[in-house]
Structure formats: structure tokens, C-alpha cells
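Beneath this line is the structure, given in C-alpha cells, with notes to follow.
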Amino acid sequence: MAWTHDTLKGDEVKSLMLFLHEMLSEEGIRCSVSTGLDFKKIEARVEAEGLSFITITLPAFGKDFVRCLDQGMVDRQAFKGFSFKGGLPLFLGGFLDLIFTRSNGRLLDIPSIPAIRAVLQICNMYSKVNLPCSDAREAAALREYIQCESDVRIADRSRSTSQKEDFGRISKLLWREFFTEVDSKVYYGELLPKHGPGATADGLKGNLKFTQLEWTTRLEEYFPAGEMLIPNWGYTHILDRLTYREPGAERPVKVTPVPKTLKTPRLIAIEPTCMQYAQQAVKRAFDEEIEKGHDTPPFQFIRYLDQTPNQRMAKEGSLSGSLATLDLSEASDRVSIQHVELLLQNHPHLFRAVMACRSSKAEVPGHGVIHLAKFASMGSALTFPLEAMVFTTVVFLGIESQLNRQLTKKDIKSFFGKVRVYGDDIIVPTDFAVSVVRTLELFGFKVNRNKSFWTGRYRESCGKEYFDGYDVSITRVRQVFPTQRKHTRELVATVALRNLLWKEGYDRVVAYLDKMIMEIIPFPFVESTSPALGRLRYEGYQTDRMDEAMQRPLVKAAIPSPHKRRSKIDDYAALMKIFTRDSELPFEDVNHLEYAGRPVSVDIKTRYVPAF
């Protein structure tokens, strides 16, 4: 079978197909289902359509399956492009017969949980494999980014005065004490900046970010360069070398498509160094205040350092039906300046500080430099916390709308453990789901109804999926499989995939991956704490020799060996790296002043390393 793809070699495509065959076979064995005809169908469709069948079409089949699962019956309008026999598709029919009634498509009283998980695994395991999409799909994603800007402006103009007032009132009820504390830190100059790990629009990387010589005049009020860039006033001569950019001459964020899936790229907005540095100062203040109060709305509703509460609540919702899981599309891109202004209107110092470090323009490939109506895309350090607060505020407006009375503080506390927002994943009581969805859309957000659930027994949030309280989450393939030792990223991802599947009990699939990996590198048995690229097993680690000095077992294994980025700093820049650190502990890397940032490249080396 001659599978081809523009960006993949034949053996890479072959390995994806063979792995799918192994997975399909093992799922069939688990469920006592014949899968030979299913794989023949996959072969034929891939031959005709290319890899888009397993990376786009199969995931679409999976989405239709979940929707039918949620509705309790198969919709004949679903599964387009697939033949039916009776009330069910022929494809994966052996599994579907364990879940639905073939004659009428109705959900069985006791559907097979292994079969549900099998369909989800087979359909979605390649849905997020990291592959570059076509130029046409990339251009379409950029056009959607521009269209979203237009949508945000229209939504802002259509919002009534009463809606704005209600938003401000609920915001005050939820966040007043929290914002007051952060506002005070801003007013008294207690913000401590830091640099993020990512790329910057002006190209500074690693430690060189501490030598930045570009600032904006907007930053000066709350992020004065004399406080943010030098350790003491003995270094004022550094400030003489600064370039101050006026609002009209500020550097825009760089909207950049990066590979995500064959269906669409990921659009990231790369911030200028000075903006990212100041944004991290405000975010650090947010983080500190959220962690202080466990019995407060910020900690209970939006604590974004931990997504497990969302996952636990999704499980509860699938079992009891009491909680709904909602998903937003283009979530961060639809949070407008107006939303943030309404959110922070009673805290002027915080609002002005947030706006001072917000980039107002974006350079979009093929569209030039545009002025932004959105608050910020993903790339700003403040996007994640502020969008969570905006979404939570709108959620409670939806709850209030259904209750048909104004909420009180007592009401807010009664929803602890019932409302949670983590990025674009939202959990609300099922009784209020329709009203919340309506209100979110009223405020300009796009609810992904295909990934929002409140009627049946299926729930999904933060990467975990549940049906009737059972975990039916799947394991996804994130990278194509390695064929050579130099495929470092693919090797690391495949080892991680192998160990995840081992934990899920996939014996046949794990054996297939073991054979693949052992043809490229040594692959010993280790504990999960070992630095080796190794495999886990119930019997524990193996020992090739002993480290006499440390009295610990060693194994001969491959390990990733990063080529560190040379990034030497000293003098004032080195002091600023020390002073802006959020820990009093020493740096783990003694050479952190000479090397920093993401590695230039990563090799695979073989050596003796600890087995645990």
C-alpha cells in the first residue's frame, strides 16, 4: 500500500498506519470484536484521501460519536461520508453494536465502557499529532484571526449600558477584595517583574533579555525603567542607552503560525521583551493573591495552577448529571479591551498598569500591522488569568439571569465546588447551563456546542473524558514516530507514549513500540524517576552495573543531551536576574549566567545513568 504525504517520508507514514493497525487490533481483542474490515476501510480511505483521513476525518467521526453518546441515540445526519447498516455506521460497527442498538440507534441501557473508549481512542489518537498544515489552511487561520477582530468590535458596540453595569456589579461581587490587594501592590510599587522562557518580538533570548535597551513611554508610570531594569541607582548610565518608544512607534506583537495539526496551525502572538517583562510582574501579583485565600472566589473558581479540580468535577458531572462542561472557541481572542475595562473599572491603578503593558498592535502575516480590539492573544502573560476572570463573571451573570434576582455574596459562596474556569474549559451546574451559554454568547464569546455537554452522561474537561463516572480518556500520539537516532523530539515523545500506554494496559501496542524503539536506541527497564529514555514495568528497573561511589544501580541507556544556548551576562544584568527571581534557593544550574533559554538543539547520547 503506497501511503504518501507531502511532508512525511514513506516509512514515517507506514509507521503511523502500522501503529493504528496494532491499536485497532488490541482494542478489538479487548472487546471481542473483529476489526479486519475496519482497517481495510482505513487503508482504502488513506490511499484515496491521504493522512487527512486519520488526522481530520476520523476525529470528526469521533466528535459525531460523542454527540450521539450525549444525546442517547445515533443521528442519521451524523457520520457523513460513512455508510450505515440499520441505525448505525458500518465502520467500527463491532464496537458500536456494544454501545447502541443496531436497529434503531438508541443507546443501550448498559453500554460497553471498553467499547466507548476504543472508539474514542481509534478516532482521536492522531487528532493532535504535530504536523504542518497546508499553506491554504494557514492562510485561512490568519483570515479567521482578522475576522475575529471584526467580531469583537461588533460585539463591543452592541453591548447595552445595562449589560455593562451588570457585568461591573458581578465583577465587584467576585473580585473586589482580590483586585484591591493587587491594586495596592501596583500603587506602592511592589510589582516584581520577570522574563518568560519564550521568544520575543525583538529577538532577545535567554539571559540577553536582562540586557534589554528598549522600553515604552506607556510603561513608565507603573513600570519605571529605573526600577525595573537596573539593580540600583549606581547604574543610571544604563538608562541613558535606552530607546523609549512612543505609543505610535511601539513594536507590535508578531502573530506567528506554528505547526499544530494537519487541520489548522496554532497562532501565537510573540510579545516584545519589555511588555512581556512587565506583564509577568502583574501576573506574579495575581498568582500570589490567588494562593493566599483558599476560601475566596479566585482560589475556588479560577485557580489556574491546577486543572485537576475541573477533571474531578467533570467526572462528578458524568455520574450525577449535576454539572455541565462547556468549551469556548477562540476564547482568548474574543476577550476585548472593554471586557477588561469593565472588570477592573473600580481599581484604576491596576487597570492602568494592565493597559500600560498591553500591546495594542499586531503584525499579522499577509495582513500587515493591525490595531487590536481584543485584549491580547495567547502570548501575553496576562491573557490566561484575565480571561478566566472575565468568563467567570459572565458565568455568574448567566446564573443570575436564570434566578431572576441579583446575586449576593452568600449566593457566590454557595457555588464553591460547582463552578470552575480553567482557560476555555468551564464547569457550571447543569440547571444553569443553557442560561450561561446564552449569556456567554450575548457577551461576544463563541461556545463550542460540539464540545459542551449537559444532557447525557458524557463530560469532558481539561483533557479528561468521562462517561457515567467511568474514565474514557484516551492517549494521543503527539509526534510522528522516529526512524533514526537523530529524531530526538520524536524519540522522546514515543518513549513517553509507550509508558503511558503501558500504564493503560496495552500489552500488544507496547510490545510494538518497544520493538520500534529498540531498533534505534538501547531501551532498558527503569523507574519513572530515571533520566534515561527507558521503559517502565511492574518488576522494576534492571541493573547493568553499580556506581560504587554512590552505591546505586546504573543502566546503559540513551538520554537527551541538550546543546545549551550560550547566553553570558554579568554586571548589572546578572544582578537583575538574581533580584527578580521568585525563590530564595540557589539556582540549580551553576552556569546559569553563561547558558540560558531553550536549547539550540538536542542530541541523543548513550551512557550509564541511574536506573531510578
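No lab work stands behind these numbers, since they all come straight from the coordinates. Nothing here was measured: the structure is a model prediction, and the numbers come from that model. Note: ideal-geometry Cβ built from the backbone for every residue, glycine included; neighbour counts use all protein chains shown.
Worth pointing out:
- Pairs with C-alpha atoms separated by more than 31 Å, drawn from the list K263/K605; K260/K418; K185/K374; K63/K283; K63/K194; K128/K413, are K263/K605; K260/K418; K63/K283; K63/K194; K128/K413.
- Relative contact order computed over the chain (Cα-Cα under 8 Å; 6+ residues apart), in percent: 16
- Averaging 1/r over every pair of different alpha carbons in the chain and inverting the result gives a Kirkwood radius of 27.0 Å.
- A cut-off of 5 Å between modelled amide H atoms, ignoring neighbours fewer than 5 places along the same chain, links D603 with S561, H563.
- In the chain, a dipole from Cβ-located charges (positive for Lys and Arg, negative for Asp and Glu) runs towards its positive end, and of C462, M17, S34 it is S34 whose Cα lies farthest in that direction.
- Across the range 192-208, computed HN-Hα scalar couplings (Karplus, 6.51 cos²θ - 1.76 cosθ + 1.60, θ = phi - 60°) run 10, x, 7, 9, x, x, x, 6, 10, 5, 8, x, 6, 10, x, 5, 5 Hz from first to last residue, x flagging Gly and Pro.
- Peptides 543-552, 263-272 ordered by average Cβ neighbours within 10 Å, highest first: 263-272, 543-552
- The overall shape of the range 370-472 is oblate: from the C-alpha gyration tensor, with semi-axes ordered a ≥ b ≥ c, the ratio a/c is 1.5 or greater and a/b is no larger than b/c.
- Farthest toward the positive end of the dipole of the chain, out of P224, A136, S567, is the Cα of A136, where the dipole comes from beta carbon charges about the Cα centre.
- With the simple spin-label model, which puts each label point 7 Å out from Cα in the Cβ direction, the S34 to T529 separation comes to 5.1 nm.
- Modelled FRET efficiency - R0 30 Å, S160 with K410, Cβ distances, 0.05 increments: 0.60
- Nitroxide proxy distance, nm - points 7 Å out along Cα→Cβ at K14 and L90: 3.0
- Sequentially through the range 223-233, phi angles give Karplus couplings (6.51, -1.76, 1.60; θ = phi - 60°) of 10, x, 4, x, 8, 9, 10, 10, x, 7, 6 Hz, Gly and Pro residues having no value and appearing as x.
- Applying 1/(1 + (r/R0)^6) with r as the Cβ-Cβ distance of T606 and K128 and R0 = 35 angstrom yields a FRET efficiency of 0.70.
- Here the range 265-309 is treated with +1 on each Lys and Arg Cβ and -1 on each Asp and Glu Cβ, and its dipole about the Cα centre works out to around 180 debye.
- Hypothetical label at Q77: residues of the range 433-466 whose amide nitrogen lies under 14 Å (7 Å Cα-Cβ projection): 450
- Point-charge dipole on Cβ atoms (K/R +1, D/E -1) for the chain, about Cα centre, debye to 20: 880
- Kyte-Doolittle at least 1.0, axis length at least 27 Å by Cα - qualifying DSSP helices, the chain: 383-403
- Projecting the Cα atoms of M546, S583, Q71 onto the dipole axis of the chain, where Lys and Arg carry +1 and Asp and Glu carry -1 at the beta carbon, places Q71 farthest toward the positive end.
- Residues whose amide H comes within less than 5 Å of that of R245, counting only those at least five positions distant or on another chain, are W215, T216, T217 (H built at 1.01 Å from N in the peptide plane).
- Evaluated over the range 136-467, the Cα radius of gyration and Dmax, each in Å: 20.3, 66
- In this simple spin-label model, placing a label point 7 Å from the Cα along the Cα-to-Cβ direction at both R508 and D471 gives a separation of 2.3 nm.
- An oblate overall shape is assigned to the range 1-155, the ratio a/c of its alpha-carbon gyration tensor axes (a ≥ b ≥ c) being 1.5 or greater and a/b not exceeding b/c.
- Only helices enter the 222 nm calculation for the chain: every DSSP H run of n ≥ 4 contributes -39,500 (n - 2.57), and dividing by all residues gives -13000 deg cm²/dmol, rounded to 500.
- Most tightly packed first, judged by the mean number of other beta-carbon atoms within 10 Å of their residues, the peptides 165-171, 594-600 read 165-171, 594-600.
- Inter-centroid distance (Cα atoms) of the range 165-217 relative to the range 540-601, Å: 29
- Placed amide H near R106: partners under 5 Å, 5+ positions off or other chain: V74, T101
- For the peptides 447-455, 459-467, residues were scored by their other Cβ atoms within 10 Å and the scores averaged per peptide; the highest-first order is 459-467, 447-455.
- Evaluated with a Cβ-only charge set (Lys, Arg +1; Asp, Glu -1), the range 136-467 carries a dipole of roughly 740 debye about its Cα centre, given to the nearest 20.
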